[in-house]
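Colleague: First, the structure itself, so that you have it in front of you.
Please treat every number below as a calculation from the coordinates, not as lab data. What you see is a predicted model; the values in this text were computed from it and never measured. Note: ideal-geometry Cβ built from the backbone for every residue, glycine included; neighbour counts use all protein chains shown.
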């Protein structure tokens, strides 16, 4: 890297946002924090501002922004509120790269605005590509800017595919840990509590994505993401259960050989790959708790096919991708609603996938031309999912 990269982080107070800042702080000669945006976590944001000294902070709502503004009054840091302020942040001339880590559909406008402003986007949240993958990839091409995946599986695939001729690819393989219920009795799974679902065996993630891992909806979403990121039909994108979470993705070549990317279950690795692309940073030397994968300590690496009877969400995602016409957007937002209802104790774990199936049966497809159409399809999914929660 010949110059310092100015970075804006959308979703700064979440897990990916905070880990991105950890990487940035370790490499001050490469990165500079220009702006941070979050929803409403004032205390966490105030702490991040104190440590990373951004020029601009944006909160989603006026109330939290006002409170934060009062706390930072003597620091000379601009505190703004609302979606327009997010768009102004990503358009700043001193922003070179935008980390998109806002959970849910709320992150969509910021990603589109960043691409339109000619900024590289490192995308961690699944919703933009799931809901609007075709539109986003078209925007990436139109504005001649890169869309870099932070999701560990897609970051691994991006690494593996460098220098591989497209005509040589047979299949892309996404690996799934199987989550906390991989071998659990199905009667227990159906009545599982939020604490049960959040007890992921290998990854430390936020609540929403942890529940999605337990249902395997996260892997359904990853198939949709991979279809758009790598421009391959979904029939050539497969999922294998790999409980050890050491092989993050693989590529099967036409000659029968395989390429695989292995690494620790540490999200800072794909984050750093996206921030420094195409360079690889020496994380094990700069981050005190970063570790290389020791092949001699691995023991066995096991793989198995997905049991779609246990994880029906995967098939729902594939069906939505095949149908298109707003279905992926509706499924994505419906999942937000139902997962939150589960976390709030209003529905049982088994009712998440059941509710999503019913939403897909009732959803009326629509033409998709732009972001407004995507958001409307999402609203349809929200309404249908809410009706399942309300009974």
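Colleague: Two decimals is fine: what's Rg over Rh for the stretch 249-391, C-alpha atoms, Kirkwood radius as Rh?
Modeller: Rounded to two decimals, Rg/Rh equals 1.09.
Colleague: Between the stretch 153-200 and the stretch 287-334, what is the separation of their alpha carbon centroids in Å?
Modeller: So the two Cα centres are separated by 3 Å.
Colleague: Follow-up. List the extent of the Cα atoms of the stretch 30-88 along each of their three principal axes, largest first, rounded to whole Å.
Modeller: 33, 24, 18
Colleague: Here is a further query. Working out 0.36 nm times the residue gap between residue 62 and residue 361, then minus their Cα-Cα distance, what length gain in nm do you get to one decimal?
Modeller: Full-extension gain reported as 103.8 nm.
Colleague: Hey, another quick one. Say each of residue 284 and residue 236 gets a label point 7 Å from the Cα, pointing the same way as Cα to Cβ; how far apart are those two points in nm?
Modeller: Result: 3.4 nm between the two label points.
Colleague: Mind pulling up the Rg/Rh value for the stretch 350-391? Radius of gyration and Kirkwood radius, both on Cα.
Modeller: Radius of gyration over Kirkwood radius for the stretch 350-391 works out to 1.03.
Colleague: What list of whole percents do you get for P(r) of the stretch 133-184, with Cα-Cα distances grouped in 5 Å bins up to the one holding the largest distance?
Modeller: For the stretch 133-184, the pair-distance distribution reads 4, 14, 16, 19, 23, 11, 6, 5, 2, 0.
Colleague: Same structure, new question: Considering the Cα trace of the stretch 1-120, what is its radius of gyration and what is Dmax, both in angstroms?
Modeller: My reading of the Cα-based Rg and Dmax gives 13.0, 41 Å.
Colleague: Continuing with the same structure: Taking R0 as 25 Å, what FRET efficiency do you get between residue 18 and residue 199 from their Cβ-Cβ distance, rounded to the nearest 0.05?
Modeller: E between residue 18 and residue 199, to the nearest 0.05, is 0.75.
Colleague: Further question: What nm value, rounded to one decimal, do you get for the distance between residue 144 and residue 387 when each label is placed 7 Å out toward the C-beta?
Modeller: If labels sit at residue 144 and residue 387, their model points lie 4.8 nm apart.
Colleague: Quick one: of the DSSP bridges fully inside the chain, what percent are antiparallel, nearest 5?
Modeller: Antiparallel bridges: around 30 percent, rounded to the nearest 5.
Colleague: Rounded to two decimal places and with Rh computed the Kirkwood way over Cα pairs, what is Rg over Rh for the stretch 155-276?
Modeller: Result for the stretch 155-276 is an Rg/Rh of 1.00.
Colleague: Kindly work out what percent of the DSSP beta bridges joining two residues of the stretch 168-265 are antiparallel, to the nearest 5.
Modeller: 65 percent
Colleague: Also: Compactness ratio of the chain: Cα Rg over 2.2 N^0.38 Å, N = residue count?
Modeller: Cα-based Rg divided by the globular estimate yields 0.96.
Colleague: Same structure, new question: At 10 °C and 1.306 mPa s, what whole-number value in µm²/s does Stokes-Einstein give for the translational diffusion of the stretch 118-161, with Rh from the Kirkwood sum over Cα pairs?
Modeller: The estimated diffusion coefficient comes to 146 µm²/s.
Colleague: Taking one equal scatterer on every alpha-carbon of the stretch 81-220, how large is log10 of I(q)/I(0) by Debye at q = 0.09, 0.13 1/Å?
Modeller: Debye output, listed in q order: -0.36, -0.70.
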